[in-house]
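Working notes for the structure below.
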């Protein structure tokens, strides 16, 4: 089923707010963020902090043998080793998974989604990476957030 555009806003704050709304409006108690090691990990901590009242996990590269639990510590959201994870209410896929440099096979992620049987599958990416990689046709996203990064660099003369 094709996704339809619901909103268009600028900035990271609206992404976090909309994400929090999606999670809050669907009786979701546990969230598994799935992303590439290094690149997506900070985003899992950031988006996890936005829904810190939920059980949050990070699955690096879709590897269920290396699940981390996101917990609040003295300096914010951090990750701890965690045992087996067999079900969550929401799976959040980060675009780094689909990037050729860090990419993970889409079939591996589809298998992961089937194993975790979430109520919702949410994609969060920048620069339309899921669309460019064709994942929007392979993964049955309930929501897909696509951000655009614009950079302005200033320096002294």
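Would you mind telling me which numbered condition in (1) farther than 25 Å from residue 138 by Cβ; (2) over 12 Å from the mean Cα position of the chain (by Cα); (3) surrounded by 13 or more Cβ atoms within 10 Å (Cβ to Cβ) residue 63 fails? Exception for residue 63: condition (1).
Candidates 19, 47, 58, 43: the one that is assigned to a strand (DSSP E or B), modelled with pLDDT of 95 or more and either within 13 Å of the chain's Cα centre (by Cα) or surrounded by 14 or more Cβ atoms within 10 Å (Cβ to Cβ) (or both) is 58. The residues of segment 76-86 that are within 16 Å of the chain's Cα centre (by Cα) and either in a loop (DSSP other than H, G, I, E, B) or within 14 Å of residue 51 (Cβ to Cβ) (or both) amount to a single one, 77. It is to be established whether one or more residues within segment 22-30 are touching a helix residue (DSSP H, G or I) at 6+ places or on another chain (Cβ under 7 Å) and either crowded, with 19+ Cβ neighbours inside 10 Å or modelled with pLDDT under 95 (or both). No, there is no match, as no residue in segment 22-30 is touching a helix residue (DSSP H, G or I) at 6+ places or on another chain (Cβ under 7 Å) and either crowded, with 19+ Cβ neighbours inside 10 Å or modelled with pLDDT under 95 (or both). Residues that are buried (at least 18 other Cβ atoms within 10 Å of the Cβ) and outside any strand (DSSP E or B) are absent from segment 143-154.
With the structure loaded, tell me whether residue 69 is surrounded by 14 or more Cβ atoms within 10 Å (Cβ to Cβ), in contact with a strand residue (DSSP E or B) (Cβ under 6 Å, 6 or more places away or on another chain) and free of Cβ contacts under 8 Å to residues at least 24 places away in the same chain or whether it fails that test. Here the answer is yes, as residue 69 does meet what is asked.
The values are calculated or read from the model by the stated rules, or taken from the named source; none is laboratory data. Model, not experiment: these values are computed from the prediction. As a convention, Cβ positions derive from the backbone with ideal geometry for all residues, glycine included, and neighbour counts pool all protein chains shown.
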